[in-house]
Amino acid sequence: MSTFRVYAIRYAEREGRRGQHFHGYDDRWDEPHPTAYYVWLAVSDGHTVLIDSGIRPERAAGIAGMTYLASPARTLAEMGVDPTSVDHVILTHLHYDHTGTARDFDRARYVLQRPELDYWTGPWAERITREQWLCDRDDVDHLLKAGEDGRLLLVDGDVELLPGLSVHLVGGHTAGMQVVRIATARGDVVVASDASHYYENIREDRPFAILHSMTGMYAAFDRINELAGGPELILPGHDPEVLAVHPPFSEALTGRVAVVA
């Protein structure tokens, strides 16, 4: 089995409030609660895999309070990784902050759970108007075109995508939310992405405010814990603490890229 090196790449940040990030009201709802925006890179001797692709700079410019640090492709180049070497882009789900620059990796094969695509191209997403802002139709159209060109792999459930790297359908946050398990020298890393936005979500058993299924969120927490080699090897989707827990890639990229394993 191959082992990978894993990096967390922060491409943007925004000041939020606790009430935006946890389901249900509590007395701390109005406390500041920073949001970090990540993609993740997994590199082995034979493969370069990007997990999620972030927000398009144009959309980020219209989000109040957001600071856009650098596109994922630019950061990869700063790390010495040629963006054209990315052979797979795994999309954990189809929210705008995870799909926005997928088109920058036009040599890669996209990997997505079939239930996620079915939801966002089916009748329910059109009728549930409160969710429509979360998905950019241009991003979905790009993926559908990639499918016509043979570059979209739709999976159903748990699949070993590459030796040492597998995807796992968990749902909860979205209809087809998936997490990624990666074999590393430190043990199995799990990119939870938005199945657990913050360490606190999974540690305190508190779902995020935006969800497709409450029971699915709890089940996702359990599945992540089962898959990971330990709590320190779980990577939440938006927690600034990731960059404090793991060492920086380099002095120049401190605060932007962390070495997970």
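Observations, loosely collected:
- Distance from region 191-261 to region 41-78 (C-alpha centre basis), Å: 17 Å
- Each of Val191, Val86 has some number of other Cβ atoms within 10 Å of its Cβ, and from fewest to most they run Val86, Val191.
- Order of Leu169, Leu134 - criterion: other Cβ atoms within 10 Å of each residue's Cβ, fewest first: Leu134, Leu169
- If you wrap the chain in the convex hull of its Cα atoms and look at it from every side, the mean projected area works out to 13.0 nm².
- Listed peptides 118-131, 60-73 by packing density, highest first (mean Cβ within 10 Å): 60-73, 118-131
- Among Ile210, Ile182, Ile9, the order by Cβ neighbours within 10 angstrom, fewest to most, reads Ile210, Ile9, Ile182.
- Ordering of 90-101, 44-55, 141-152 by packing is 90-101, 44-55, 141-152, highest average first (other Cβ atoms within 10 Å, averaged per residue).
- For region 99-153, taking Cα atoms only, Rg and Dmax work out to 11.7, 34 Å respectively.
- For Arg17, nonlocal amide neighbours, meaning residues 5 or more places apart or on other chains whose placed amide H falls under 5 Å from its own, are His33.
- The chain - charge dipole about Cα centre, Lys and Arg +1 at Cβ, Asp and Glu -1, debye rounded to 20: 220 debye
FYI, it's all coordinate maths here, none of it is from the lab. Not measured: the values here are computed from a predicted model. Heads up, the Cβs are rebuilt from the backbone with ideal geometry, glycines too, and the neighbour counts pull from every protein chain shown.
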